[in-house]
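A.B. asks: Right, I'll just put the structure down here and ask away after.
The values are calculated or read from the model by the stated rules, or taken from the named source; none is laboratory data. Everything quoted here is computed from the prediction, not taken from an experiment. With ideal geometry, Cβ positions are generated from the backbone for all residues, glycine too; neighbour counts draw on all protein chains shown. Just the protein is used for accessible areas: all its heavy atoms, side chains included, with ligands, DNA and RNA removed. Shrake-Rupley method; radii C 1.70, N 1.55, O 1.52, S 1.80 Å.
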Amino acid sequence: MVVETDGYLALIEHLAFNLDVFGSDDSDTGAESVEDVVTDMIATNIMAIFEQNPELHSSVRFKLLKETDSVLADLGEVLAGVWNKPATNEQITFLDEYVALLKNLFDSAVAKYD
């Protein structure tokens with residue numbers, strides 16, 4: 001649906017090219033870990049997709065949730081070194097943009113089921 005697409009692979013490459021954002025923890029950090037930030041952002045966006053598409057069949061919703069789990073696992077692997085560390089403001093900004101791009105992929109996938 002999403003994880004096996006060229007768009008998703010391009011997003012993983014985008015993340016890999018921007019790992020320097022996660023290499024330094026010199027800036028201001030909050031109390032939330034990178035994992036918490038990513039999980040909250042993805043959960044918020046997947047819920048928005050469900051709200052925007054109330055007619056989605058439960059099987060499609062289930063597929064979306066499985067894909068979301070895969071995305072979280074991938075991000076956890078790529079960001080393993082900082083996954084449990086407090087997120088910096090720069091990291092949160094990057095992740096916000098990154099998750100918005102992920103949502104676009106999910107929106108495109110959902111549109112195919114209309």
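A.B. asks: Give me the extension gain from Glu77 to Asp6: residue separation times 0.36 nm, minus the current Cα-Cα distance, reported in nm with one decimal. Spell out each step's value before the answer.
C.D. replies: Details: separation 71, 0.36 × 71 = 25.56 nm, distance 1.92 nm.
Using 0.36 nm per residue and subtracting the Cα-Cα distance, I get 23.6 nm.
A.B. asks: Moving on to the next point. Determine ³J(HN,Hα), in whole Hz, for all residues of the range 59-69 in sequence, where each value follows from phi through the Karplus function 6.51 cos²θ - 1.76 cosθ + 1.60 and θ = phi - 60°; x replaces Gly and Pro.
C.D. replies: My calculation for the range 59-69 gives 5, 6, 4, 5, 4, 4, 5, 5, 5, 4, 4 Hz in order.
A.B. asks: Which residue, Ser59, Ser33, Ser24, tops the fluctuation ranking in a GNM of the chain built on C-alpha contacts under 10 Å?
C.D. replies: Between Ser59, Ser33, Ser24, it is Ser59 that shows the largest mean-square fluctuation.
A.B. asks: Local charge sum around Gln52 (other residues, Cβ-Cβ under 11 Å, Lys/Arg +1, Asp/Glu -1)? Walk me through the intermediate numbers first.
C.D. replies: Values: positive: Lys103; negative: Glu51, Glu55, Asp107.
Here the count lands on -2.
A.B. asks: I want to verify the translational diffusion coefficient of the chain in µm²/s; compute it with Stokes-Einstein, Rh as the Kirkwood radius over Cα pairs, at 4 °C and 1.567 mPa s. Please list the in-between numbers first.
C.D. replies: Values: Rh = 14.6 Å.
Calculated translational D: 88 µm²/s.
A.B. asks: What shape does the range 1-66 take by its C-alpha gyration tensor, where a ≥ b ≥ c are the square roots of the eigenvalues and a/c under 1.5 counts as rounded, a/b above b/c as prolate, and the rest as oblate?
C.D. replies: Values: a/c = 3.58, a/b = 1.62, b/c = 2.21.
It comes out oblate by the Cα gyration axes.
A.B. asks: From the helices alone, meaning DSSP H stretches of at least four residues, give me the mean residue ellipticity at 222 nm for the chain, per-run term -39500 (n - 2.57), in deg cm²/dmol to the nearest 500.
C.D. replies: On the way: 4 runs with 75 residues, N = 114.
Here the helix-only value at 222 nm equals -22500 deg cm²/dmol.
A.B. asks: Also: What number comes out for accessible area per residue over the chain if the probe is 1.4 Å? Units Å², please. Please report the intermediate quantities before stating the final value.
C.D. replies: Working: 6540 Å² over 114 residues.
On a per-residue basis, 57 Å².
A.B. asks: Let me ask something additional. Between Thr68, Thr44, Thr88, find the one with the highest GNM mean-square fluctuation for the chain; connect C-alpha pairs within less than 10 Å.
C.D. replies: In the Gaussian network model the winner is Thr44.
A.B. asks: Right, something else. Taking the alpha-carbon distance from Lys112 and a cut-off under 20 Å, which aspartates and glutamates remain once sequence neighbours fewer than 8 residues away in the same chain are dropped?
C.D. replies: Glu4, Asp6, Glu51, Glu55, Glu67
A.B. asks: So for the chain, averaging the separation of alpha carbon pairs under 8 Å that are six or more residues apart and normalising by length, what relative contact order in percent results?
C.D. replies: Details: 85 pairs, mean separation 57.2, N = 114.
Computed value for the chain: 50 percent relative contact order.
A.B. asks: Size of the range 62-108 along its principal axes in angstrom, Cα-based, largest extent first?
C.D. replies: Per principal axis, max minus min of the Cα coordinates gives 31, 19, 13 Å.
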